[in-house]
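> A single structure is presented below for examination.
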Amino acid sequence: MNNLETFRSETRDWLEHNCPKAMRQPARPGEDACWGGRNWVFSSEDQKLWLERMAAKGWTAPDWPTEYGGGGLNKAEHKILKSEMRRINARSPLDSFGIWMIGPALLKFGSEALKQQHLPPIVRGEIRWCQGYSEPNAGSDLAGLQSKGVDMGDHLIANGQKVWTSYGDKADWMFCLLRTDPEAKKQMGISLVLFDMETPGVTAKPIKLISGSSPFCETFLDDVRVEKDQIVGDINQGWTIAKYLLTHEREMIGGMGLAGVGAASLSQMAVKQLGSRHGILNDLMLRADIAKWEIDAAAFAFTAERVTDEVKSGHGVGATSAMLKYYGTELNKRRFEYIMKINGSDAMVWEGDSSNDGWAAKTWLRTKGNSIEGGTSEVQLNIIAKNILGLG
Amino acid sequence: MALVLNEEQQMLKESAQGFFAEYAPVSELRAQRDAGSEKGYADKLWPQMVDMGWAAILIPEEYGGLSFGHVGMAQISEQAGRTLTASPLFSTAILGVTAIVLAGNEEQKADLLGAIAEGSLTLALAIDEKSFHAPLDIEMSAERMGANYQLNGIKRAVVDGGTADKFVVAVRTSGKAGDRHGITLFLVDSSAEGVCIERTSMVDGRNSAIVSFSNVQVAESEILGELDKGFGCLSATLDAGNIQLSAELLGIAQESFDRTLQYLKERKQFGAFIGSFQALQHRAAHWWSEVELCKSVVLKALQSLDAGDEKAAAMISIAKAKLCEVAELSTNEAIQMHGGIGMTDEYEIGFFIKRARPAQALFGDYSYHANRFALLKGF
């Protein structure tokens, strides 16, 4: 047996013994996914056990170096771990902006001290992070942000307002963009800083969305003290890191679209709800729409596969995260429009057991934000036009 | 399997790129059209392609072929799409070879495949009898007359019908239009008595024909496959044709896009390059995204066909439907973004729409394949 085969059989064996039965099914959306953090209340003993066991092996962040608590797996081993987890339908032990976003940025741009301080608690799920990027007047035009960090020698004093802070009311730390040089050109005077959400002067208020949920906050910064050793990279050089992080975010959101695309098929749902005659769905116009959607969804899923394979084989990136984000989120919005049509008036129900507490209506409304958050579809098209097509 | 070309496929793609750029650029299509060429391509082109081994790509090694598969062949189809190059490759080396390999007996395979590989035999597939693709609606008849069959009927949209040496003809030997059972494939010489070939001049300048058969005598030994059981082979041959047409449409979509992108960077209005206008940038970016999806879906379907995957038929319908949609988008956007010059015959961009539509329609357009995909998926 070669090393990878050994790794696979050991991993399979370990998962078999360590993944609790209840964790071998997908988390119900918005309900029992584990986000960790200081104030996290585990939904079950199994959820706690699963996180602790995976974190102990560093497998909440499988490809991070072991010196920061990660799993230290190479690409091939990481792939094996993922496929073995899929095999038993094991859910992710930890959903985390720390692992998806600030962690990779710290690994690439952070000082040794910042890595030592922040990465291990992220791996263990002890600290939950949020992102302080958008502001009321800096959405698509992110580089126009105005929240200030004034240099006080050994620390900065931050003032301003952030908005669309995902889970800002539940997070322990924020990674945040501040304007630290008001004289410099737009992108040149921005720093990426880290601070504890319990620092005096930080207030996060949930925003209620059209979907009824409040996953985002507005976050107010009033004379917040930020230590200078918590600046990632050099002062005033945060924009490069911010852009790197946005790429990660696009990939993440594009990937979520993909997860939706791969979920139970629209056509099966439609046949179940509307019936068919001689194998043909009863609503012919809807049938044509669903066929088109499923063709696009298949083509999109193959594209995500091809992009990954091209990177692996060193062919360079054909399509970019901007395209996947754009197309994936637009597909997901279309998917929910069809789910609404397929389910008729049942889909309009807002509350009650029979409608799973308005799951269809609420999720449908939430998808409208997919093509806004993380850079609107229009911003993604700008990025494609400028960076890939060279249109100035 | 990784969704990328392997080294050999990549080399074939590059060699096809070089070949078509040198010997069959779009200007050659114009020259053939203006000269009123019946074949639609230069005489010397096919022998050159045969010399490159391209006629033998799908032929198994034991019959003197290369066994290089559909992924390989599609690299040539795609590049021929970029230069709008007509040749016997599609009818002979793709459709003809596929049908013979699937259904031919040992003798037929040995005779015909060898002749195709060396370039001495061309074929044409004759199926449809009306203006729309409907492979089950075959009414052309074959009556048993002693040791022979007597064929009567008419076939339309026969690609390469004007030049092929032999036809592979789908004929009804029992049952009625609409039945799967009762379709038989016959090999018929184009010079046989009673075969009347009417060349039709098409929008893409290519060689197509209406072929009528009156009391044509064909020996029983000329049946390809089994009596009444030809539909399986026909369907698989159409799948092979459709994925190669998808690859050609991918070439057309990419070339239309590349040429238009270049134009957006050259053309100035209001004192600025028109590519600096966001209205056009967003359309170009969306269009590019669609073409990226096309690359993936074509390669996936090709790989599944080569692997003998049971889902290959559905994959191919997904690919053809998507490529029909995006080739239409591409050729329409190309003309619109070029503006007035895109409407002139002098400029080459207008040639792409003229080839795209016949390639879309051949063996089923968007609606046909979206419907077929839905049926295969059970809705």
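Every number in this text was worked out from the coordinates using simple rules, so none of it is lab data. Owing to the predicted nature of the structure, the values given are computational and were not obtained by experimental measurement. Here Cβ is always computed from backbone atoms with ideal geometry, including for glycine, and neighbour counts include all displayed protein chains.
> According to the Kirkwood expression over distinct Cα-Cα pairs, how big is the hydrodynamic radius of the stretch A:241-388, in Å?
Working: mean 1/r = 0.0600 Å⁻¹.
So the Kirkwood estimate lands at 16.7 Å.
> Still on this structure, please answer the following. Which residues among the stretch B:54-97 fall inside the zone where the amide N is under 19 Å from a point 7 Å beyond the Cα of B:Ala21, along Cα→Cβ?
B:75-86
> Sticking with this one: Determine, for the stretch A:3-123, the count of lysine pairs separated by eight or more sequence positions (or lying on different chains) whose alpha-carbon distance falls under 21 Å.
Number of lysine pairs found: 10.
> Continuing with this model, one more query. Add +1 for every Lys or Arg and -1 for every Asp or Glu among the other residues with Cβ under 13 Å from the Cβ of A:Gly275, and state the total. Don't skip to the end; give the middle numbers.
Numbers: positive: A:Lys272, A:Arg277, A:Arg287; negative: A:Asp283.
Net local charge, A:Gly275 excluded: +2.
> Next up: Structure shown: which of A:Lys170/A:Lys333; A:Lys185/A:Lys243; A:Lys312/B:Lys320; B:Lys322/B:Lys354; A:Lys162/A:Lys185; A:Lys312/B:Lys295 lie over 24 Å apart, alpha-carbon to alpha-carbon? It would help to have the intermediate numbers written out before the result.
Values: A:Lys170/A:Lys333 27 Å; A:Lys185/A:Lys243 16 Å; A:Lys312/B:Lys320 28 Å; B:Lys322/B:Lys354 19 Å; A:Lys162/A:Lys185 21 Å; A:Lys312/B:Lys295 17 Å.
Flagged as over cut-off: A:Lys170/A:Lys333; A:Lys312/B:Lys320.
> Along each of its three principal axes, how wide is the spread of alpha-carbon positions in the stretch B:5-71, in whole angstrom units, largest first?
Taking the Cα atoms of the stretch B:5-71, the three principal extents are 41, 25, 17 Å.
> Round to the nearest 0.05 the FRET efficiency obtained for B:Ser214 and B:Glu8 when R0 = 56 Å and r is the Cβ-Cβ distance. Walk me through the numbers on the way to the answer.
Details: r = 48 Å, r/R0 = 0.85.
Plugging the Cβ-Cβ distance into 1/(1 + (r/R0)^6) gives 0.75.
> Also, quick follow-up: Mind checking which aspartates and glutamates have their C-alpha under 14 Å from B:Lys130, skipping anything on the same chain fewer than 8 residues away?
B:Glu139
> Would you mind ranking B:Ser201, B:Ser256 by Cβ crowding within 10 Å, fewest neighbours first? Intermediate results must be reported in sequence, preceding the final value.
Details: B:Ser201 13, B:Ser256 30.
Fewest-to-most ranking of B:Ser201, B:Ser256: B:Ser201, B:Ser256.
> Mind listing which trypsin sites (Lys or Arg not before Pro) in the stretch A:84-190 are in a DSSP loop and have 14 or fewer other Cβ atoms within 10 Å?
Within the stretch A:84-190, the qualifying trypsin sites (Lys or Arg not before Pro) (loop, at most 14 other Cβ atoms within 10 Å) are A:Lys185.
> Taking the Cβ-Cβ separation of B:Glu143 and B:Glu226 as r and a Förster radius of 25 Å, what is the calculated FRET efficiency to the nearest 0.05? It would help to have the intermediate numbers written out before the result.
On the way: r = 18 Å, r/R0 = 0.72.
The computed FRET efficiency comes out at 0.90.
> Beyond 25 Å, what share of the Cα-Cα pairs of the stretch B:124-228 remains, rounded to the nearest whole percent? Present the calculation step by step, with values, prior to reporting the outcome.
Values: 766 of 5460 pairs.
The proportion of pairs with Cα distances above 25 Å equals 14 percent.
> Using θ = phi - 60° and the Karplus form 6.51 cos²θ - 1.76 cosθ + 1.60, what ³J(HN,Hα) does each residue of the stretch B:363-372 get, whole Hz, x for Gly and Pro?
6, x, 8, 3, 4, 4, 7, 5, 5, 5
> Per DSSP H run of n ≥ 4, the term is -39500 (n - 2.57); total these for the protein assembly as shown, divide by its residue number, and report the mean residue ellipticity at 222 nm rounded to 500 deg cm²/dmol. Don't skip to the answer; put the middle values down first.
Working: 22 runs with 336 residues, N = 771.
Value at 222 nm, helices only, nearest 500: -14500 deg cm²/dmol.
> While we're on this one: Under a Cβ-only charge scheme (Lys and Arg +1, Asp and Glu -1), can you give me the dipole magnitude of the protein assembly as shown about the Cα centre, in debye to the nearest 20?
1700 debye
> Considering the convex hull of the alpha carbon atoms of chain A, report its projected area averaged over all viewing directions, in nm², one decimal. Before the final figure, lay out the partial values.
Working: hull surface 89.6 nm².
Here the figure is 22.4 nm², rounded to one decimal.
> Averaged over every viewing direction, what's the projected area of the C-alpha convex hull for the stretch A:129-236? Give it in nm², one decimal, please.
Numbers: hull surface 26.0 nm².
Reported value for the Cα convex hull: 6.5 nm².
> If you don't mind, there's one more thing I want to ask. Using Cα atoms only, what is the angle between the long axis of helix A:3-18 and the major principal axis of chain A, expressed in degrees (0 to 90) to the nearest 10?
Computed tilt is about 80 degrees.
> Could you work out how far apart the two model spin labels at A:Ser213 and B:Gln262 are, taking each label as a point 7 Å from the Cα in the direction of the beta carbon, and quote it in nm?
4.9 nm
> Tilt of helix B:312-338 relative to the longest C-alpha principal axis of chain B, in degrees (0 to 90, nearest 10)?
40 degrees
> What is the pair-distance distribution P(r) of the protein assembly as shown, computed from all Cα-Cα distances in 20 Å bins starting at 0, with each bin given as a whole percent?
14, 40, 31, 13, 2, 0
> For the stretch B:232-377, what number results from the quotient of the Cα radius of gyration and 2.2 N^0.38 Å?
Values: Rg = 16.9 Å, N = 146, 2.2 N^0.38 = 14.6 Å.
The reported ratio for this selection is 1.15.
> Let me know the volume per residue of the alpha-carbon convex hull for chain B, in Å³.
Values: hull volume 51.5 nm³, N = 379.
Residue-normalised Cα hull volume stands at 136 Å³.
> Now, a different point. Please list, by residue number, every one of the trypsin sites (Lys or Arg not before Pro) in the stretch A:34-84 that is coil in DSSP and has at most 15 other beta-carbon atoms within 10 Å. Display every interim value, and only then the final one.
Numbers: sites: A:Arg38, A:Lys48, A:Arg53, A:Lys57, A:Lys75, A:Lys79, A:Lys82; in loops: A:Arg38, A:Lys57.
When the trypsin sites (Lys or Arg not before Pro) of the stretch A:34-84 are filtered for loop state and at most 15 Cβ neighbours within 10 Å, A:Arg38 remain.
> Name the most mobile residue of B:Ile138, B:Ile335, B:Ile274, meaning the one with the largest mean-square fluctuation, in a Gaussian network model of chain B with Cα contacts below 10 Å.
Largest GNM mean-square fluctuation: B:Ile274.
> A further question on this structure: As an exercise, find the ratio Rg/Rh for the stretch B:7-122 from alpha-carbon atoms, using the Kirkwood inverse-distance average for Rh.
Working: Rg = 14.3 Å, Rh = 14.5 Å.
Here Rg/Rh amounts to 0.98.
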